[in-house]
Amino acid sequence: MAGTSSFVKKLGNSVKKVSDSKSSSWWYNHHMRAASRAISQRIPLVDFVLEVRDARIPVSSEYGQLRYFPSSSRNIIILNKMDLASHSKTKEWIAYFKEQNCVPYAVNSHNKDNIKEFLNFLQAKVRDLRRNTHFSNTQTTTVMIVGIPNVGKSAFANSLHQIGRITAAEKGKLKQAKVSPHPGETKDITSLKIASHPNVYILDTPGILPPEIVDIERSSKLALTGAIADSLFDQSELAQYFLSILNLSHEYKKWEKFSGESELDEEDRTMNDHTQDLVVRAVRRALFKEISAFKGNLEDENDMVQLIEAQLTTLRKVFNVNSDSFESANSIVATKLINLCRTGRLGHFTLDSLQGM
């Protein structure tokens, strides 16, 4: 997309530079290398593999290591964070994966009913497997969860574990996988029980990125959705990339209802919590007004830059950011903006396109 290409290139090259340099202690470090070997050794031994992807980037978040293993009906593609993606686009991606003879399933790890539905689906798969193989009634079924960092593997594993516990005794022995908003927090393979009679265990694994990422567009999408540590690149570049996507979308048009609301008063402007509904509405209102009033051509990158600069200036006021340094102020605004983006407060975006697939 013409209006976003310069931002993709700028951010993607920043990520690629870190990947190529091998100097970061975070990028494909010894934990990732060791985990990668351990996962490869265990994949042939488990009964099912759940490949968790981010529903916002169904292709860009692919776990490349699975390419070295034959495709199977025992491999299930989990499109997690469906609540953050475009609902209609997720349906299209589900249909696409089915056409490719894959087994896809869209989930929201924080939705109890959704997890119950998936657990029923998985248990039906387990029953089919046991009927068609030589499983004994006491044999345990193992399910491995794999994926790149920060696609929600541990949250998904914990939800399955909590919903799947059956007896009161099991409830008293809750063991959880570590969950963090930061990528790369899971270091070891953790086993969690999700069903009894017969027993089903899931293995939660660390997130693994490839040793290097050549595609700068994929790099940008991974950065925006949080799969790559924010400390590795400039947050302002990330905010500019997001705003270029928002400006070319129809999401902001939904915020017209906020345009008639009054501006934040002095007391409200001192609020430090940018996630408060009052502040989020003010952000939506400000962005809607800036985009609606803009007369330039958003397919022209120079015009897009002009609009984004105006938006960042306006957001400094909305977020009550006061700093002598222009760069510091923009960095603070960018961090708050990206947080709202990643939590779905500024729209539901699917960044990967089916065009050209």
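With charges only on Cβ, +1 for K and R and -1 for D and E, what is the dipole size of the chain about its Cα centre, in debye, rounded to 20? Can you show the working numbers first?
Numbers: 46 positive and 40 negative charges, 356 e Å.
Charge dipole, the chain, about its Cα centre: 1700 debye, nearest 20.
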Quickly work out the E256-to-D300 label distance, labels modelled 7 Å from Cα along the C-beta direction, and quote it in nm with one decimal.
-> 2.6
Placing +1 at every Lys and Arg Cβ and -1 at every Asp and Glu Cβ, with all other atoms neutral, what dipole size does region 269-313 have around its Cα centre, in debye to the nearest 20?
-> 400
Sorted by chain and then number, the residues having a modelled amide H within less than 5 Å of the amide H of V103, at least 5 places away or on another chain, are I77
Which whole-Hz ³J(HN,Hα) couplings does region 288-302 yield from phi under the Karplus relation 6.51 cos²θ - 1.76 cosθ + 1.60, θ = phi - 60°, glycine and proline marked x?
-> 4, 5, 5, 5, 5, 7, 6, 9, x, 9, 6, 7, 8, 5, 5
When only Cα pairs under 8 Å and 6 or more residues apart are kept, what is the percent relative contact order across region 1-110?
-> 22
Largest-first ordering by accessible area, 1.4 Å probe, given options K116, K317, K336 = K317, K116, K336
A124-S323 pseudo-label distance in nm [points 7 Å out on the Cα-to-Cβ vector] | 5.1
Of the listed peptides 243-254, 78-89, what is their order by residue-averaged count of other C-beta atoms within 10 Å, with the highest listed first?
-> 78-89, 243-254
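With the full set of protein chains in place, find how many percent of the accessible area of the chain is carbon and sulfur; take the probe as 1.4 Å. Intermediate results must be reported in sequence, preceding the final value.
Values: 8400 of 17400 Å².
Ligands and nucleic acids excluded, carbon and sulfur reach 48 percent.
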Cα-Cα over 31 Å: which of K253/K336; K9/K254; K16/K253; K16/K257?
-> K16/K253; K16/K257
Förster radius 41 Å - calculated FRET efficiency between Q139 and S88, Cβ distance, rounded to 0.05 = 0.45
Starting from the Cα of D234, step 7 Å along the direction of its Cβ; do the same at R281; then give the gap between the two resulting points in nm.
-> 3.6
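Largest first, what is the accessible-area ranking of H30, H197, H161 with a 1.4 Å probe? Could the numbers behind the result be given before it?
Details: H30 115, H197 160, H161 10 Å².
Result of the area sort, largest leading: H197, H30, H161.
Hey, what did the chain get for relative contact order, percent, Cα under 8 Å, at least 6 apart? Kindly include the intermediate steps, with their values, before the conclusion.
Details: 537 pairs, mean separation 81.8, N = 357.
That works out to 23 percent.
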Among L209, S244, F156, pick out the residue whose Cα is farthest towards the positive end of the charge dipole of the chain, where Lys and Arg carry +1 and Asp and Glu carry -1 on C-beta, about the Cα centre.
-> F156
Determine the per residue accessible area of the chain with all protein chains present and a 1.4 angstrom probe, expressed in square angstrom.
-> 49
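The values are calculated or read from the model by the stated rules, or taken from the named source; none is laboratory data. Since we're looking at a predicted model, the values are computed, not measured. All Cβ positions, even for glycine, are placed from backbone atoms using ideal geometry, and neighbour counts span all protein chains on display. In case anyone asks, the SASA skips ligands and DNA or RNA and just uses the protein heavy atoms, side chains included. Shrake-Rupley method; radii C 1.70, N 1.55, O 1.52, S 1.80 Å.
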